[in-house]
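Report on the structure given below.
Every read-out reported here was derived from the displayed coordinates using simple, explicitly stated rules and does not represent laboratory data. In this text, all values refer to a predicted model and were calculated from it rather than measured experimentally. Neighbour counts run over all protein chains shown; Cβ positions are idealised from the backbone, glycine included.
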Ligand SMILES: Nc1ncnc2c1ncn2[C@@H]1O[C@H](COP(=O)(O)OP(=O)(O)OP(=O)(O)O)[C@@H](O)[C@H]1O
Ligand SMILES: Nc1ncnc2c1ncn2[C@@H]1O[C@H](COP(=O)(O)OP(=O)(O)OP(=O)(O)O)[C@@H](O)[C@H]1O
Ligand SMILES: [Mg+2]
Ligand SMILES: [Mg+2]
């Protein structure tokens, strides 16, 4: 299997970026907060930034090996790079943009991406979604061995975004190239990628499928990224797993053993709100008041007791109501802080 | 009650903007696609753009009345305007920014918004969320009678956005000023506003609470905006409401009478996917294949049969599976096209 | 305000020594004449020839001109004399020389042309590369800095720039009469008294001494 | 690999030629000049007079340029009105006009027999060949540099900031003073540096319109020209003085703007999104 | 309301003064000149010779400026290396240098007794009094205008586009030719307009460095000055010719850039977010 192997280190302004990652014939998303170094990883792979140490290879083809003094120029690496704002050449029409890299099957690509009718347009005159398709077609015209996408959806407004996300999902799946894409929106990552790597301050905190990240986040940061709320406290192992005394004194139970200062991550969909303390002593219950209630989709998203819960509209919770946030010990995921 | 009354018309590049809207002591959100004229409405209220016709008044205080030749300069209208990218003065520190408009209670505001420790910082040196609070404090330093916010969250990245949204929700509720805010993200509007106006091509398509828009969208556009999928067909009234023959020939039933060409809007949370045709003849069922499956929160969002459905992860749907999208006639909202 | 004297470039060194108070403006005489006609605030006009003051006088622009000095035309060559020029006739032989001459209309330019004509060397100006400088200072600078192989200027200029140039006398028959004339400018607000005083100082014994010291001849001596 | 090195080598070659060509004359100035005699040469009365004239006229001219140019460029940058493009072109024309032509034009406008000069003359005001003529020449040739940069600088002020100031109750004058002016300051400074250098170096228009009256209109650049034939060392000395002055202004401007740049161009709200 | 009207009135007043002052000399040029005699005046041999010299030298100088300046400004704009800031400052220095000083500097560098001039002289290359001297003077004073705009223009090319071109397989030379050059073209054109105007108007440096050899180094601006004391009408006629030429270049540039601006600055990908 021809895959991309990356193992690089590079000193950035305020931390060292150090990433080891293999990408097979799959889509891997790098997510992380602004300034985490996501773009830098892509640029290093494309040869636009030179790592201080490390090795980059596509199958047997070594693009970079600092130890052996190998460092191929960007134009000699078989990458397809879709830039954040697409970086289409504003003075060339769509056809010339797509043909820039190779040219042979530019027309095919225009057809395939449904942009043949725009061939004579300048990039300035077409919509955001169309631009994205042009950028993708242009990157593919060179028959790259890897596809790199930097924030492919961030230039789009909310409406177009949902549509283009679905469309891009289809296109990427169809291509079957090793693909590394960068985004700071976890939902985009989930929608587009097979595996997700969470990059924070230059370090990969966790790499795994969306399910793995959700079910077993490596740390509090990853947990919050996947949408969980995190409570902090100190844990002691007990028979059923662990007993966690939260910072406000509340005691909850988790299903996995743990010791010392920990975070407890709970996803909104695992939390039930009830007016009374639950009868069931096996369940965790945190009492408190409702902070905010926001409709989302057909449900309400309620913030209460430091947690979030999704509840049915029918329940009619109102800010200020006294409630108990109830969740099972198995839903309390113990994470490192 | 001192409220803002707006009734203006203004020829824009490609359509006429024409908006009549009253804003009491409540938060009203204007949503709509890019270029719909949302910003222009706010600018007209603030006096930064002059409508061709119309009247703007805050309580008894007339700011604009083209018929009577009244047109107050922006500096003489009691508005607090929070600009899209915040438009903080980059050469002034946070305190001077906040004090620019009035100055008397700038210190109070800095305290109240939790930015007192940033008083001596330049806007360039603080985070996105902090900037937003500075912009809000600055707008309030003048004791405005109306608060106008243009895309208050769009300058923030996805992570900060969720936090700041909750925070802003609290602040706006506390202030109790007539507030008009603009956003192109429907979820922001739902989270922040009491009423939502949908503006398309300069025309208010519908104004109402989030619930009203969801339950009874005025047209296909509004319906899609609220997250529904819309199918098209022609309707005939029948005993139970209407019988709609969709463009692909499928027949579905709606609970409200209708006639002629219509759209049928169905929200994802009303749709159930089942492998077999449902036994219940009263339910609508559209057969088809699953296009995409995307995890979202604790559930999966599945596109199938031109509709979206939210299903539990346990169900394990996979792209390509044959399914029926099942929904009640009451969930099939007939909308104008 | 000090008396303003518009004077020929070649007087640049001598005049300020005669009258320290006056304000000076040195340039090509023909240009100074044009400036005075355009309203320049000159009180006294001292030209390197008699033609310009008389022209001004005929138009009522000044009082009757008087001649106050004479000068001689010389051929200047750089001290190093790369072209090996010994006499004016060398300009007509050998390789093409770079020659600096003042423009026609500038007194020293007209004098040079007249001298060449008298020597039968008028062709020199066709044959060589001739820069027609705007004033005599331009001629001297071109020769002094070696840009030109030779140039026509006044004997007095050769003294000032003696460190860098050497003067070659012209044959007596070629020497045109060079007479400097001055006149008191008539215009509204002119400082006539000051101009007369300065003119008197120029023609005084000490003035004549200074001029002679600078290499000029003085009339009526 | 060869082609790529070839291209860079070509670039480097051109850059080298350009830089050597530009540096050579400046180097020559310092190696050929009698540096030891500099103080005594610059102490000559003719130089001192010229220095005084230059300082006086440059100060007055630059004050006029800044005082009139700042409001004018603000108006041209921020208001849209009929004929605006014409006025902007008018302010740019002197930039491309040969200075000698500028001198002739000033002469026929303000000279004794000129368009309005004859009227001024009757009123007893004589401009040509006076110190005012030097100032006018400087303003005419150097002012447009300031105007052009000023227009650019004011146009560069984010209109959202102006709108924000207005909704915060600031009248146009306050918007100008507190928002537009501080934000355009570095651009205005750049324009002023150019205008200053242009005015101090003014030669062609001055020699034609203002003449060469010592102590009154003879500026340092005119003295250079005059001393060329008389005392070349003085010309060299003044040249060195002016080179040092020009380089000093240029460098202090660069240092200043780099310094202010580093404090104010740190990620600003508007820079973030670009 | 009074204060606000007052402020705008003040702005308008300043703008009025500025515009009248700048327009007056140009108007005077046309009203005072013997427009009827223009053809015959411009037909005088001295004018025809000067015109030929000017055209030849301006063309050669501008060719040199563009040929060497384009690669040099590209390198200075896009590569980071030690001493770069120094080189950039070096290219800017002639912008603030008085032309008379430039003339002196060229003289001591390339003159017969100059730094390298004496060597050239021995090698039989004589620059003074030659057309090459005029060209050198023009390149020295006008080149930096092109370089500065060129550096700005190349710096303004979105680096993401360059990166994109490289990941698409383009070598540096192709990136330059297909991406950087077309995108910087309008900025380069603006710089060239300034350089062209500056070279055609060159006076101070030429008069000092190149001499005034008819048919060889006497350009139109030198002729203006020479004819000032001889035939003022010729000076006026040449002035009008040069005004028309300068204005023509300026206007055609503005029309051209407005035209190309309207096609290429329509919302571009990068403009969207700013
Ligand atoms: N060439 C470089 N040398 C040193 N530091 C750099 C370099 N390029 C970027 N940085 C710094 O490295 C960090 C990571 O930048 P990068 O653009 O990779 O982040 P990112 O994760 O893509 O962020 P965003 O989501 O905002 O795009 C930033 O702090 C940036 O300032
Ligand atoms: N002064 C004006 N005169 C004419 N047309 C204008 C003016 N200002 C804006 N427009 C046009 O009016 C339309 C509405 O612009 P507006 O900025 O109000 O949209 P918006 O809804 O805020 O969009 P977005 O979500 O992109 O901010 C746009 O098509 C714009 O081009
Ligand atoms: Mg990035
Ligand atoms: Mg808007």
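Overall size of region A:94-214 from C-alpha positions, given as principal axis extents largest first: 45, 32, 25 Å. Given a Förster distance of 41 angstrom, what is the FRET efficiency for residue E:67 paired with residue D:252, based on the Cβ-Cβ distance and rounded to 0.05? Efficiency, from the Cβ-Cβ distance: 0.75. Per residue of A:124-133, other chain Cβ atoms within 10 Å of the residue Cβ number 2 on average.
For helix C:192-203, what angle does its Cα long axis make with the longest principal axis of chain C, in degrees from 0 to 90 and rounded to 10? Its long axis makes an angle of about 50 degrees.
With only alpha-carbon atoms in the gyration tensor, what are the semi-axes of the equivalent ellipsoid for the protein assembly as shown, in Å, largest first? Please list the in-between numbers first.
Numbers: eigenvalues 1276, 248, 154 Å².
Working from the Cα gyration tensor, I get semi-axes of 80, 35, 28 Å.
Between residue D:244 and residue C:209, what is the FRET efficiency for a Förster distance of 51 Å, r being their Cβ-Cβ separation, to the nearest 0.05?
Details: r = 41 Å, r/R0 = 0.80.
Working from the Cβ atoms, E equals 0.80.
Length, then width, then depth: along the principal axes, the Cα atoms of region A:80-127 run 24, 23, 17 Å.
Inter-copy label distances for residue B:209: 4.2 nm (label point placed 7 Å from Cα along Cα→Cβ; shortest first).
Tell me what chain A gives for mean residue ellipticity at 222 nm when only DSSP H runs of n ≥ 4 count, each as -39,500 (n - 2.57), the sum divided by the residue total, rounded to 500 deg cm²/dmol. Write out the running numbers ahead of the final one.
On the way: 8 runs with 72 residues, N = 337.
Helix contribution divided over all residues of chain A: -6000 deg cm²/dmol.
For region B:107-155 and region C:1-58, what is the centre-to-centre distance using only Cα atoms, to the nearest Å? Answer, in whole Å: 72. Please report, for residue D:255, the nm distances (one decimal) from its label point, 7 Å out from Cα along the beta-carbon direction, to the equivalent points in the remaining copies, shortest first. Copy-to-copy label distances at residue D:255, shortest first: 4.8 nm. In plain terms, the C-alpha convex hull of chain A casts an average shadow of 20.6 nm² when viewed from every direction.
Relative to the compact-globule estimate of 2.2 N^0.38 Å, the Cα radius of gyration of region E:1-90 comes out at 1.97.
Equivalent ellipsoid of region A:226-333: semi-axes from √(5λ) of the C-alpha gyration tensor, largest first, are 25, 13, 12 Å. In plain terms, the residue of B:215, E:254 with the fewest other Cβ atoms within 10 Å comes first and the most crowded comes last, giving B:215, E:254. Between residue A:162 and residue C:37, the simple label model (points 7 Å from Cα in the Cβ direction) yields a spacing of 8.6 nm. Taking Cα atoms only, the orientation of helix A:128-140 departs from the longest principal axis of chain A by about 60 degrees.
For the rotational copy pair B/A, the chain B residue whose Cβ lies nearest the symmetry axis, together with its distance in Å, is B:297, 5. Measuring from label point to label point, each 7 Å out along Cα→Cβ, what is the residue E:9 to residue A:313 span in nm? In this crude label model, residue E:9 to residue A:313 measures out at 6.2 nm. The packing ranking, built from the mean of other Cβ atoms within 10 Å per residue, places the peptides C:151-162, D:79-90, A:317-328, C:70-81 in the order C:151-162, C:70-81, A:317-328, D:79-90, highest first.
DSSP bridge analysis restricted to the protein assembly as shown gives an antiparallel fraction near 75%, rounded to the nearest 5. For peptide B:79-89, the mean count of partner chain Cβ atoms within 10 Å of a residue's Cβ comes to 6. Note on chain C: Rg/Rh from C-alpha atoms, Kirkwood Rh, equals 0.99.
Each eigenvalue of the Cα gyration tensor of region A:1-149, multiplied by 5 and square-rooted, gives one semi-axis; in descending order these are 30, 17, 13 Å. So the label point goes 7 Å from the Cα of residue B:2 along Cα→C-beta, right? Which residues of region B:111-149 then have their backbone N under 13 Å from it? Residues B:142-147 qualify, since their backbone N sits under 13 Å from the label point.
The orientation-averaged shadow of the Cα convex hull for region C:31-104, equal to a quarter of the hull surface, comes to 7.3 nm².
From other protein chains only, count the Cβ atoms within 10 Å of every residue's Cβ in C:28-38, then give the mean. Intermediate values should be presented prior to the final figure.
On the way: counts 4, 1, 3, 9, 3, 1, 8, 12, 3, 4, 14.
Mean partner-chain Cβ count within 10 Å for C:28-38: 6.
Test of understanding: ordering A:238, D:163 by Cβ neighbours within 10 Å, fewest first, what list do you get?
On the way: A:238 13, D:163 20.
Starting with the residue having the fewest Cβ neighbours, the order is A:238, D:163.
Find, to one decimal place in angstroms, the Kirkwood hydrodynamic radius of region B:288-337, where the mean of 1/r is taken over every pair of different Cα atoms and then inverted. Hydrodynamic radius (Kirkwood, Cα pairs) of region B:288-337 is 11.7 Å. Inter-label distance, residue C:200 to residue D:113: 3.4 nm, where each label sits 7 Å from its Cα along the C-beta direction. Using only the C-alpha atoms, the convex hull of region A:33-101 corresponds to 114 Å³ per residue. Sorted from closest to farthest, the other copies place their residue D:116 label points 4.9 nm away, with each point set 7 Å from Cα along Cα→Cβ. Computed with the Debye formula from one identical point scatterer per Cα of region E:47-264, without solvent, the log10 of I(q)/I(0) at q = 0.08, 0.11, 0.16 Å⁻¹ comes to -0.34, -0.62, -1.10.
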